[in-house]
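Asks: One structure follows; several queries about it will come next.
The values are calculated or read from the model by the stated rules, or taken from the named source; none is laboratory data. Computed from a prediction, not measured in an experiment: that's the story for all the values here. A quick note on method: Cβ atoms are made from the backbone with ideal geometry, for glycine too, and the neighbour counts reach across all protein chains shown. Note: accessible area is taken over every heavy atom of the protein model, side chains too, but ligands, DNA and RNA are not part of it. Shrake-Rupley method; radii C 1.70, N 1.55, O 1.52, S 1.80 Å.
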Amino acid sequence: MLRNTPALRLSRRDAEDLLLMYADRRDSEYEIVMVTARLLAELATGEPGVLHRILPRVLPWALYLPAEDFELMVTDFVNAAAAAAELGNVVPLAHRLVTWKHTAEVHADPDLYEAVTRPIEDAGPVPMPK
């Protein structure tokens with residue numbers, strides 16, 4: 001059965017789901033991710049501005065970032081991709097992408113942006129818990 005499907009997800013009630021797949025498939029997928037991360041890092045050092053043109057096509061939500069945040073996201077993404085390739089761990093890179101996507105979501109919604117950027121009233125000292 002597993003030969004006919006890339007992976008089998010085992011859903012568990014009280015814990016995180018597990019994924020059952022052949023090791024050679026996982027190794028192949030992992031190698032592609034690592035090569036892609038290295039390629040991205042090399043692209044960043046090549047022609048000036050190439051990532052600035054490509055990333056909005058790959059990550060359309062990046063268009064909602066203000067110019068300054070977009071610059072920070074490009075630099076952060078490239079550095080995180082290079083580190084992921086070096087460490088052999090893409091989890092921190094995925095986390096960074098989710099964080100930047102949430103930042104773009106806030107900028108895309110004026111009501112949400114206002115809610116998270118308005119000053120918070122000082123309610124005074126907070127008493128120590130008993």
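Asks: Beyond 21 Å, what percent of the Cα pairs of the chain remain?
Replies: Across the chain, Cα pairs with separations above 21 Å total 60 percent.
Asks: Would you mind calculating the gained length between ARG38 and LEU63 on full extension (0.36 nm times residue separation, minus the Cα-Cα distance), in nm to one decimal?
Replies: Fully extending the segment from ARG38 to LEU63 adds 6.6 nm.
Asks: Something else about it: Dipole magnitude of the chain about its Cα centre, charges +1 at Lys/Arg Cβ and -1 at Asp/Glu Cβ only, in debye to the nearest 20?
Replies: Dipole size: approximately 600 debye.
Asks: May I ask for the distance between the Cα centers of the range 1-49 and the range 84-101, given as a whole number of Å?
Replies: 13
Asks: Go through the range 2-31 and name the trypsin sites (Lys or Arg not before Pro) that are in a DSSP coil and have 15 or fewer other Cβ atoms within 10 Å of their Cβ.
Replies: For trypsin sites (Lys or Arg not before Pro) across the range 2-31 that sit outside H, G, I, E and B with at most 15 neighbouring Cβ atoms in 10 Å, the list reads ARG12, ARG13.
Asks: Contact order normalised by length for the chain, with contacts defined as Cα pairs under 8 Å and 6 or more residues apart; what percent is it?
Replies: 19
Asks: Please report, in debye to the nearest 20, how large the charge dipole of the range 18-78 is about its Cα centre when each Lys and Arg carries +1 at its beta carbon and each Asp and Glu carries -1 there.
Replies: With Lys and Arg at +1 and Asp and Glu at -1, about 200 debye.
Asks: Counting other C-beta atoms within 10 Å, and keeping those with at most 12, which DSSP coil GluC sites (Glu not before Pro) do you find in the range 22-130?
Replies: Loop-located and lightly packed - GLU121.
Asks: Also, quick follow-up: Using helices alone, what [θ] at 222 nm do you get for the chain, with -39,500 (n - 2.57) per DSSP H run of 4 or more residues, divided over all residues and rounded to the nearest 500?
Replies: So the helix-based figure for the chain works out to -20000 deg cm²/dmol.
Asks: Roughly how many Å² is the accessible area per residue of the chain, as a whole number, for a 1.4 Å probe?
Replies: Heavy-atom accessible area per residue stands at 78 Å².
Asks: Next question, about the same structure. Return the single residue from MET34, MET21, MET73 with maximal mean-square fluctuation; model: Gaussian network over the chain, springs between Cα atoms under 10 Å.
Replies: Fluctuation is largest for MET21.
Asks: HN-Hα J couplings of the range 40-49 from phi, Karplus 6.51/-1.76/1.60, θ = phi - 60°, integer Hz, Gly and Pro as x?
Replies: With coefficients 6.51, -1.76 and 1.60, one gets 4, 4, 5, 4, 5, 8, x, 3, x, x Hz.
Asks: Which percent of the accessible area of the chain is formed by carbon and sulfur heavy atoms (probe 1.4 angstrom)?
Replies: That share works out to 60 percent.
Asks: In nm, give the distance between the simple-model label positions of ALA108 and THR45, each being 7 Å from the Cα along the Cα-to-Cβ direction.
Replies: The two pseudo-label positions are separated by 3.3 nm.
Asks: Expressed as a rounded percentage, what relative contact order does the range 1-63 have, with Cα pairs under 8 Å and six or more residues apart?
Replies: Worked out over the range 1-63, it gives 16 percent.
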